[in-house]
Amino acid sequence: MRHIAFLRAINVGGHVVKMDQLRTLFEQLSFADVQTFIASGNVVFGALRKAPDELEHVIETHLKKALGYEVTTFVRSRAEILDVVKRFPFDEREIADAQVYVLFLKRAVSPAERKALHGLTTALDAFETGSREVYWLRRKAKERAGEPPPPIERVLKVAATSRNITTVRKIAAKFCQ
């Protein structure tokens with residue numbers, strides 16, 4: 001079964017990991033056909049284990065031992081990635097002068113958390129939830145470079161890692177068809 005791992009803390013904050021090293025680390029776990037996609041911690045692999053939480057634990061444990069720091073991992077199936085792309089909640093005209101991120105979460109968002117997340121909505125930031133994802137529309141993103149992001153993880157009380165929707169769409173097109 002093919003999976004996509006989105007790794008947090010890869011090639012940011014001084015944690016530099018070359019993609020060939022990352023592939024080797026995944027191959028050490030006996031994963032098959034390991035491929036990386038851009039240098040931001042996106043790994044596609046085959047594994048006999050099917051439970052995402054089990055895969056996440058195995059990968060996180062191995063990467064911490066090998067790299068010396070925690071690498072929170074978010075595993076999704078090919079079908080889940082296709083669903084993330086299919087459920088894209090924003091109109092393409094809305095995103096003309098914006099950036100859209102998908103935040104991958106460790107678990108689903110509760111109704112109360114969803115309400116709290118929508119409380120972060122402003123004229124410049126909009127949020128929608130998927131199954132274990134949050135879509136974040138960031139308007140006037142270029143003008144807001146360097147501005148701190150909204151406290152999404154604090155509101156949801158769950159770890160997340162984000163990818164631009166363009167990256168998620170490219171992963172879906174290349175690895176999930």
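Laboratory data are not the source of any read-out in this text; all were calculated from the coordinates shown. Nothing here was measured: the structure is a model prediction, and the numbers come from that model. Cβ coordinates were reconstructed from backbone atoms using ideal geometry, including for glycine residues, and neighbour counts include every protein chain displayed.
Remarks
- Report summary: the helix-based calculation at 222 nm, which adds -39500 (n - 2.57) for every DSSP H run with n ≥ 4 and divides by the residues of the chain, gives -9500 deg cm²/dmol.
- Once you reduce segment 142-174 and segment 28-78 to the center of their Cα atoms, the two points are 19 Å from each other.
- Mean separation of Cα pairs under 8 Å and 6 or more residues apart, divided by the residue count, gives the chain a relative contact order of 23 percent.
- GNM on the chain, alpha-carbon springs under 10 angstrom: the most fluctuating residue among PHE90, PHE127, PHE74 is PHE90.
- Sites matching trypsin sites (Lys or Arg not before Pro) across segment 102-177 that sit in DSSP coil, with at most 11 neighbouring C-beta atoms within 10 Å: LYS142, LYS157
- Shape call, segment 90-175: gyration tensor on alpha carbons, a/c limit 1.5: oblate
- Sparsely packed trypsin sites (Lys or Arg not before Pro) within segment 45-78, loop by DSSP, other Cβ within 10 Å at most 13: LYS50
- Out of every Cα-Cα pair that the chain contains, those further apart than 23 angstrom amount to 41 percent.
- Additional length obtainable on full extension of the chain from ALA66 to GLU54, 0.36 nm per residue less Cα span: 2.5 nm
- Segment 2-79, dipole about Cα centre (Lys/Arg Cβ +1, Asp/Glu Cβ -1), debye to the nearest 20: 120
- Annotation: for a label point projected 7 angstrom from Cα along Cα→Cβ of ARG144, residues of segment 99-127 with backbone N closer than 12 Å are 99-101, 120-127.
- Between LYS174 and ARG114, the modelled labels are 3.3 nm apart [label points 7 Å from Cα along Cα→Cβ].
- Of the GluC sites (Glu not before Pro) found in segment 1-110, those that fall in a DSSP loop while having at most 15 other beta-carbon atoms within 10 Å are GLU70, GLU92, GLU94.
- Modelled this way, with points 7 Å down the Cα-to-C-beta line, the labels at GLU94 and SER77 are 2.8 nm from one another.
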